[in-house]
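**Student:** Pasting a structure here, questions to come.
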Amino acid sequence: MGLMTRWTDGEREAPEPLEGNVVATVVTGTLVWLVLFLAQLPFYGWYDDHGHAWWIWTCAAGAGLGLVGLWYVRRREASLRRGAGVRTRDEGDGGPADGGSAGSADGADRG
């Protein structure tokens, strides 16, 4: 029994996903890539002469992909909030979803 088999044999239950401030994490990572790009940019000639220009472009790509990631996680969190709002309304408003009476438009139940 190998080490990988021990962890992937299906006998262990998968842990719950971590939910944290994902937007702040992505913003922080994007800013780190951007700062690294800007800090290396004045030395482009040296990097290019020594065959390391790809370092600068890696930082630029990290900042650009971080912006895409920021767009993605903001949309994801907005979607999760909308989904939670729909579930909350369906579960606890006394409406038809939980067997209660939703009432009439003027607030008087006619039953």
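The values are calculated or read from the model by the stated rules, or taken from the named source; none is laboratory data. Everything quoted here is computed from the prediction, not taken from an experiment. Reconstructed Cβ throughout: ideal geometry from the backbone, glycine too, with neighbour counts over all protein chains shown. What goes into the accessible areas is simple: the full protein's heavy atoms, side chains included, and nothing from ligands, DNA or RNA. Shrake-Rupley method; radii C 1.70, N 1.55, O 1.52, S 1.80 Å.
**Student:** Could you list, in sequence order, all residues of the range 40-57 that are open to solvent by 60 Å² or more (accessible area, probe 1.4 Å) and in a helix (DSSP H, G or I)?
**Tutor:** LEU41, PRO42, PHE43, TYR44, TRP46, ASP48, ASP49, TRP54, TRP55, TRP57
**Student:** Right, something else. When the residues of the range 5-39 are narrowed to those that are of a type in the set (Ser, Thr, Tyr) and at pLDDT 85 or above, which ends up least open to solvent (accessible area, probe 1.4 Å)?
**Tutor:** Taking the range 5-39 first, the residues of a type in the set (Ser, Thr, Tyr) are 5, 8, 25, 28, 30.
Next, from what is left, pick out any that are at pLDDT 85 or above: 25, 28, 30.
On the way: THR25: 96, THR28: 84, THR30: 19 Å².
If we take residues in the range 5-39 being of a type in the set (Ser, Thr, Tyr) and at pLDDT 85 or above, then THR30 is least open to solvent (accessible area, probe 1.4 Å).
**Student:** Something else: Which numbered condition in (1) at pLDDT 95 or above; (2) surrounded by 11 or more Cβ atoms within 10 Å (Cβ to Cβ) is the only one that GLY95 fails?
**Tutor:** Status for GLY95: all satisfied but (1).
**Student:** Residues in the range 58-79 that are surrounded by 13 or more Cβ atoms within 10 Å (Cβ to Cβ), closer than 16 Å to VAL27 by Cα and free of Cβ contacts under 8 Å to residues at least 40 places away in the same chain: how many? Working first, answer last.
**Tutor:** Taking the range 58-79 and keeping what is surrounded by 13 or more Cβ atoms within 10 Å (Cβ to Cβ), we get 58-67, 69-70, 73-74, 77.
Those still in the list that are closer than 16 Å to VAL27 by Cα too: 59-67, 69-70, 73-74, 77.
From what is left, the residues that are free of Cβ contacts under 8 Å to residues at least 40 places away in the same chain are 59-65, 67.
Qualifying residue count, the range 58-79: 8.
**Student:** Here's something else I'd like to know. Considering only residues that are out of contact with any Phe, Trp or Tyr (no Cβ under 8 Å at 6 or more places or on another chain) and among the small types (Gly, Ala, Ser), look in the range 62-88 and name the one that is farthest from VAL22 (Cα to Cα).
**Tutor:** GLY85
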